[in-house]
Amino acid sequence: MFDKVLIANRGEIALRVLRACKEIGIPTVAVHSTADADAMHVRLADESVCIGPPPAAESYLNMPRLLAAITFIGPTSEHIRIMGDKIEAKSTARRLGIPVVPGSDGAITDEVQAIRIAKDMGFPVLVKAAAGGGGRGMKVARAAEDLDMAIKTARAEAKAAFGDDSVYLEKYLERPRHIEVQVFGDGKGNAVHLGERDCSLQRRHQKVMEEAPSPALNAEARKRIGTTVAKAMQKIRYRGAGTVEFLYEDGEFYFIEMNTRLQVEHPVTEMITGLDLVIEQIRIASGAPLTLSQDEITFSGHAIECRINAENAKTFRPSPGSITYWHPPGGLGVRVDSGAYQGYRIPPYYDSLIGKLIVHGKNRNECLMRLKRCLSEFVVEGIETTIPLFADLVQQPDIANGLYDIHWLEKYLQKP
């Protein structure tokens, strides 16, 4: 096991990693920008080092300031490279027997090629950045006359966000669910899946609320996609945690991307499996094998996560500032992952996520009732948050019945 772990992150996930390290007796080092000097993970770490000013490019994303003689806890550089390029990831998935969304085989080089491919697939089509993520560099073209502008806009966004303006085309599915499968491998050819999460409630391609298991899947579909993904990870000797993401429509799964890291929504998987995914990552990075085989992994109950952002619940305008009062909910089956506290000042430089409310119940109905109770207890003053949005959403019949797709929330928010 490691003598010390450097946590090159911030916010609630940095605190999450720090807690896992403490539970297995590993000292921690927190790196931080000047804006995060009073962050909770910095306060609780055994050591802390300031690595630069507030802009992420000058601190958290400044590689020379982070990298020294360290062992990286995560997948291999090869897997990060392959899955970080969506075109190559799609090609790799196809080769591994994972079903993919129909689309171009590679990057689009000119408008004539794009029109030909789009007409072969049929409109509408989705233009996507090859190096994209977080919904940036994605544009829908519903007809041939829309395609050129969609490509230009997607290219511009991709260049600004990722420094790479390569884009490709995919068939645009009208009412899919966003289903992702959590995987773990030890880099030695052993890999398992930890079930799926439903991340269909999204705004501007950003996940807002997630649950596990998905209310849209039956046991047969769940086993089919989990087995397919686990076998693929075994073939490439994947190491560490990963998430394979799909669109699911009319009983069919379509691969869209793979994230070679721990996801924001990983707690719902932890709640239904009882496994600590961060500790498992650390163990595997130290050279240990997987602790469980597939038939030893069991799933219990239902879990839902709400991403609490420092934003206005209606306009989604960011709301940085000082938290004057902080009272998170508690009780059986309740977990709040957050680095926020009363008196903490939320800086304006980073993502607006300030915490995650995760609840667990014996079944989905109990989980929803517990979530309603928790949202009524969660009080944050001094800033605006998205808590009122979730309090409203859990009252909606479609949410209660699990009848939503990736476009549901956008349409709901457009209502007067």
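The values are calculated or read from the model by the stated rules, or taken from the named source; none is laboratory data. In this text the structure is predicted, and so the values were computed from the model without any measurement. All Cβ positions, glycine included, derive from the backbone under ideal geometry; neighbour counts span all protein chains shown. What goes into the accessible areas is simple: the full protein's heavy atoms, side chains included, and nothing from ligands, DNA or RNA. Shrake-Rupley method; radii C 1.70, N 1.55, O 1.52, S 1.80 Å.
In table form, for the structure just shown:
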| item | result |
| --- | --- |
| The range 328-416, relative contact order [Cα under 8 Å, separation at least 6], % | 25 |
| Relative contact order (%) - criterion: Cα under 8 Å, at least six apart; region: the range 83-226 | 19 |
| Accessible area in square angstrom per residue, the range 80-220, 1.4 angstrom probe | 41 |
| Whether the range 14-172 is rounded, prolate or oblate, judged on the alpha carbon gyration tensor where a/c under 1.5 counts as rounded | prolate |
| More than 20 Å apart - percent of Cα-Cα pairs taken over the range 1-86 | 38 |
| With DNA, RNA and ligands ignored, accessible area of D276 (1.4 Å probe; Å², nearest 10) | 50 |
| Ranking by accessible area, most exposed first, for D295, D392 with a 1.4 Å probe | D295, D392 |
| Rg to Rh, two decimals, where the range 192-285 supplies the alpha carbon set and Rh follows Kirkwood | 0.94 |
| Gyration tensor verdict on the range 78-117 (Cα atoms; rounded if a/c is under 1.5, prolate if a/b is larger than b/c, oblate otherwise) | oblate |
| Cα gyration tensor shape for the range 104-210, rounded if a/c is under 1.5, else prolate or oblate | prolate |
| Derived scalar couplings ³J(HN,Hα) [the range 237-253; Karplus, 6.51 cos²θ - 1.76 cosθ + 1.60; whole Hz; x for Gly, Pro] | 6, 5, 10, x, 8, x, 10, 9, 9, 9, 9, 10, 8, 6, x, 10, 9 |
| The chain: Cα Rg divided by the 2.2 N^0.38 Å rule of thumb | 0.97 |
| The range 224-285, accessible surface, carbon-and-sulfur percent (1.4 angstrom probe) | 44 |
| Largest-first ellipsoid semi-axes for the range 277-416, taking √(5λ) over the Cα gyration tensor eigenvalues, angstrom | 29, 23, 15 |
| Formal net charge of residues neighbouring L290 (Cβ-Cβ distance under 14 Å; K, R +1; D, E -1) | -1 |
| In sequence order, calculated HN-Hα J values of the range 337-344 (Karplus, 6.51, -1.76, 1.60; Hz; x Gly/Pro) | 9, 7, x, 7, 7, 4, x, 6 |
| Average Cα contact separation per residue, the range 266-416, under 8 Å, 6 or more apart, as relative contact order % | 27 |
| Of all accessible heavy-atom area on the range 83-201, the percent that carbon and sulfur account for (1.4 Å) | 50 |
| Label zone at I80 (point 7 Å along Cα-to-Cβ), backbone N below 17 Å, the range 225-241 | 238-241 |
